[in-house]
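A short reminder: the numbers here are calculations on the coordinates, not readings from a lab. These figures come from a predicted structure and were not determined experimentally. Neighbour counts are summed over all protein chains in view; Cβ atoms, including those assigned to glycine, are modelled from backbone coordinates with ideal geometry.
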Amino acid sequence: MVDGHNDLFIHYFDCKSCPRGLTDYRIDTLNSGHTDIPRMRKGGVGGVLLNIFGRERTEQSYMGAWTLLRQIEKDYGSDLKIVKSSSEMKSAFKEGKIALLPSLEGAVRLGENLELINKYYNLGLRSVTFAYSTNLLADGSDDTTKYNGISTFGKEMVAEMNKLGVLIDMSHISAKAMDDILATSKAPVIFSHSNARTLCDVNRNVPDSILKKLKENRGMIMLTFVPYFVKKEHMQWLDEGDALYYKTLNDYPDDSLKMESIMTRWENSEPMVTVADMADHFDYVKKLIGVDHIGMAGDYDGIQFTIKGLEDVSCYPNLLEELAKRGWKEDELRKITSENFLRVFKEVEKQAFAIQKTKP
Ligand SMILES: [Zn+2]
């Protein structure tokens, strides 16, 4: 299977003791996070859109992240392989290696012109989340509305990504921005990690009207195992926890014991989100737009809470089993695990080739 989004790099660049190197956080043995090679093998992982990011937003820091990526491939070469095309991804499958497809969450690292996207494309970047928070390209899903969709520069970026053959990822952007990109892009687009808004009404999820346009666009949504994007109750519980934390801080400013006891009580009241709840999103989207537009995304290492039964990269089979019990056929499961993604990626490449022929 191909996972739409993984944040392994958090353990090197965004933790208490970060930045640190490969020897400080190994992935060839069971580690404390969600992602390592033994568990990826157990989970049947064949490829992953790996979020490449450094500690700071500078270009230098970003280059450091690419150095780490190359180091990972060098040190774990018998298991992992960096890929830059759909055919390279297929070859990696055949070699029995896990394909790492470099992706970027938050185009703020692309700066204010088209130079960096070209530079990073040459490094191997093949998928970009258009905006995380509102940036120069588009409005974020939970941020201020600046353009009511995407900016003029955003439109230029869509055209450039179409021309290069970079997957445009619409997770994290506002619904209007999704609509704008769907009206602009000449190639299929993806949601690398989002769910259906009808089942869980949060801004990060995708409305039905957009899902229907996604079908026309021939793109796909990689449904994500993030409990607070699966069930609204979980998001409400998180919001309550936030409010409770600040209220306690205000009521008992110097009482850390009181804070701990109150927050522990809150944590113990976490609403349970199950594999069945996750499967509901798969059933729903399949019914609405068909099985050809669905994929899977763990968002592992990027989330603090997990779904019961989908705790780490070894768990994908639990979801497939649930879907099989619900009547999903083997060919449908093949599509959502990897075939749909390979089809979309290939179409993006083909479209880029066609554009390059007319606009060298
Ligand atoms: Zn994300």
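Could you tell me the distance between the Cα centroids of the range 53-107 and the range 4-35, to the nearest Å? Here the answer is 14 Å between Cα centres.
Helix 86-95 and the long axis of the chain differ in direction by around 70°, with both axes built from C-alpha atoms. Relative to the Cα centre, the charge distribution of the range 60-148, modelled as +1 at Lys and Arg Cβ and -1 at Asp and Glu Cβ, gives a dipole magnitude of about 420 debye. Computed 3J(HN,Hα) for the range 143-159, one whole-Hz value per residue from the Karplus formula 6.51 cos²θ - 1.76 cosθ + 1.60 where θ = phi - 60°, is 10, 4, 8, 10, 10, 6, x, 10, 7, 4, 4, x, 5, 4, 5, 4, 4, glycine and proline marked x. Where both bridge residues fall in the chain, DSSP classifies roughly 10% of the beta bridges as antiparallel.
Taking 0.36 nm per residue of separation and subtracting the Cα-Cα distance, full extension of the segment from THR145 to GLN356 would add 72.6 nm. Among PHE353, ILE181, LEU68, pick out the residue whose Cα is farthest towards the positive end of the charge dipole of the chain, where Lys and Arg carry +1 and Asp and Glu carry -1 on C-beta, about the Cα centre. Result: PHE353, furthest along the dipole toward the positive end.
If the chain linking ASN268 and LYS215 were pulled fully straight, counting 0.36 nm for each residue of separation and taking away their Cα-Cα distance, it would gain 15.0 nm. Over 27 Å apart at the Cα level, from the set LYS146/LYS287; LYS97/LYS287; LYS286/LYS325, are LYS146/LYS287; LYS97/LYS287. About the centre of its Cα atoms, the range 1-156 shows a dipole size close to 480 debye [charges on the beta carbon of Lys, Arg (+1) and Asp, Glu (-1) only; nearest 20 debye]. Counting other Cβ atoms within 10 Å as a rough exposure proxy, the listed residues LYS186, LYS286 run LYS186, LYS286 from fewest neighbours to most. Build a GNM of the chain with springs between Cα atoms under 10 Å apart, and of CYS15, CYS315, CYS200 the one that fluctuates most is CYS15. Computed log10 I(q)/I(0) for the chain at 0.14 Å⁻¹: -1.22, from the Debye equation with unit scatterers placed on every C-alpha and solvent omitted.
Spherically averaged projected area of the convex hull of Cα atoms, the range 255-360: 11.2 nm². Spin-label model, SER261/LYS74: points 7 Å from Cα along the beta carbon direction are separated by 5.4 nm. Please give me the summed charge of the neighbours of GLU95: other residues whose Cβ is under 12 Å from its Cβ, Lys and Arg +1, Asp and Glu -1. Taking every other residue near GLU95 into account, the sum is +2. Within the straight-line cut-off of under 16 Å between alpha carbons, the aspartates and glutamates reachable from LYS346 are GLU88, ASP169, ASP292, sequence neighbours fewer than 8 places apart in one chain being disregarded. Between amide H atoms placed 1.01 Å from N, distances below 5 Å from LEU80 occur with ILE98, all of them 5 or more places distant or on a separate chain. Net charge within 13 Å of ARG39 by Cβ-Cβ distance, Lys/Arg positive one each and Asp/Glu negative one each, not counting ARG39 itself? Result for the neighbourhood of ARG39: -4. Of the two radii for the range 1-51, the radius of gyration is 0.97 times the Kirkwood radius, both from the alpha carbons; that is the Rg over Rh value. Remark: the chain carries a charge dipole of roughly 1560 debye about the Cα centre, counting +1 on each Lys and Arg Cβ and -1 on each Asp and Glu Cβ. Local charge for TRP266 was computed over the other residues whose Cβ lies under 12 Å away, with Lys and Arg +1 and Asp and Glu -1, and equals -4. Average 1/r across all pairs of distinct alpha carbons in the range 95-242, invert it, and you get the Kirkwood radius: 15.7 Å. I need the phi-derived Karplus couplings for the range 325-330: 6.51 cos²θ - 1.76 cosθ + 1.60, θ = phi - 60°, integer Hz, Gly and Pro marked x. In residue order, the calculated couplings are 4, 7, x, 5, 7, 4 Hz. Relative contact order, whole percent, for the chain stands at 19, derived from Cα pairs under 8 Å and 6 or more residues apart. Take each peptide in 68-78, 251-261, 237-247, 170-180, count the other Cβ atoms within 10 Å of every residue, and average; sorted highest first, the result is 170-180, 68-78, 237-247, 251-261.
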